[in-house]
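Below is one structure, written out as structure tokens, with a few remarks after it.
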Amino acid sequence: MSQSQSPAEYVPGPVERFGRRMKMEYVGMASVYAVIYWLIFGGPANGGLSLTATAATFFLFLGLKKKTRDHLSASILLFTAAAVARRPVLELEWAAPYLFLGFAIYALEGYLEKRQGRINALPAAFFLWGAIAPSWLLGLLFVALYLGEPWAERPGLRRRLAWLTAASAVAGVLGQLLRPAAISGLFAPFEPHRLPLDAGQGVLVAAVGVPTLIGLLLYWRKLPLPHRLNPLLFALLAPWDLRLSAFFGLVATVLLAATFLRQSIDSATLRPLFKHAEWHFFWWVLAVAIWAVVR
């Protein structure tokens, strides 16, 4: 809630009061993941792919929650990222790289938000990522761009991230050396044959990309360096290969959370509307989740 709006000005409605007693904020978010798992990623029919990709959206939520501050806008972003990733995950089995980039977002957004303990897990994550796919090199580039954000009040913090980034690079190489034909694939972040976007995926990417570009233009000076450069980088890569459009969906949601959604819910006019809608949303998404499971 913004400083211009005192807590007394917001009056919870009957749906919110009842929902708080029923712990609907937890039920609602569990329902969001159920919808993503069953409806977007296909549920048990797709084995570990759907579970792995859904776990990626959970890490994305943890990276977004300090920016959106309400579950409604965060859920919209989770659905958006999952929709963009659906084809790469299910048709091209891109779930594991998707999960590791989701974890990198969780760790690095924590770094920006003074939750630096998260970045200590990066070398282990990159070792596993390297053992699975050479796309870890793109993840390493994603992490390295966070080094461009200065910490004047804590000068040693960026040095710590630099060491962890270097350790992640070494871990990624070691992990990749466990894979067959590791040397030949070391400098190939993509599979041998790239897969350009088709029309349907292109529409999804454009639907996310246009507001992302507008957000960059409107908020450029207010954004930290990684929030400027990572969306541009992955926006350029997304049309090049279908699998990388899933990465763009993740990175774009971070920018959208840090610009349009954060600004809107912090306003004295819109925040009460978001909060009231949030408590109604929990019941709707629960109904959709139940339908998805029993259909």
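Quick rundown of the values:
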read-out: Matching residues in the range 8-49 - criterion: being more than 19 Å from A289 (Cβ to Cβ) and among the aliphatic types (A, V, I, L, M); value: A8, V11, L49
read-out: Any hit, the range 107-120, residues being touching a residue at least 12 places away in the same chain (Cβ under 8 Å), surrounded by fewer than 16 Cβ atoms within 10 Å (Cβ to Cβ) and part of a helix (DSSP H, G or I); value: yes
read-out: Selection within the range 85-97 - surrounded by 24 or more Cβ atoms within 10 Å (Cβ to Cβ) and part of a helix (DSSP H, G or I); value: A85, P88, V89, A95, P97
read-out: The range 5-28, subset surrounded by 13 or more Cβ atoms within 10 Å (Cβ to Cβ), at pLDDT below 85 and of a type in the set (G, A, S), residue farthest from the chain's Cα centre (by Cα); value: G13
read-out: Test set (1) surrounded by fewer than 21 Cβ atoms within 10 Å (Cβ to Cβ); (2) at pLDDT 95 or above; (3) among the aromatic types (F, W, Y) - F100 fails condition number; value: (1)
read-out: Residue selected from the range 121-165 under the condition part of a helix (DSSP H, G or I) and among the aromatic types (F, W, Y), by the criterion surrounded by the fewest Cβ atoms within 10 Å (Cβ to Cβ); value: W163
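Rundown of residues vs (1) of a type in the set (A, V, I, L, M); (2) over 23 Å from F274 (Cβ atoms); (3) buried (at least 22 other Cβ atoms within 10 Å of the Cβ); (4) touching a His at 6+ places or on another chain (Cβ under 8 Å), yes/no style:
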| site | (1), (2), (3), (4) |
| --- | --- |
| A34 | yes, no, no, no |
| L51 | yes, yes, no, no |
| F58 | no, no, no, no |
| K65 | no, no, no, no |
| L77 | yes, no, yes, no |
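The values are calculated or read from the model by the stated rules, or taken from the named source; none is laboratory data. For clarity, every value in this text was computed on a predicted model and none was experimentally measured. Cβ atoms come from the backbone with ideal geometry, glycine included; neighbour counts cover every protein chain shown.
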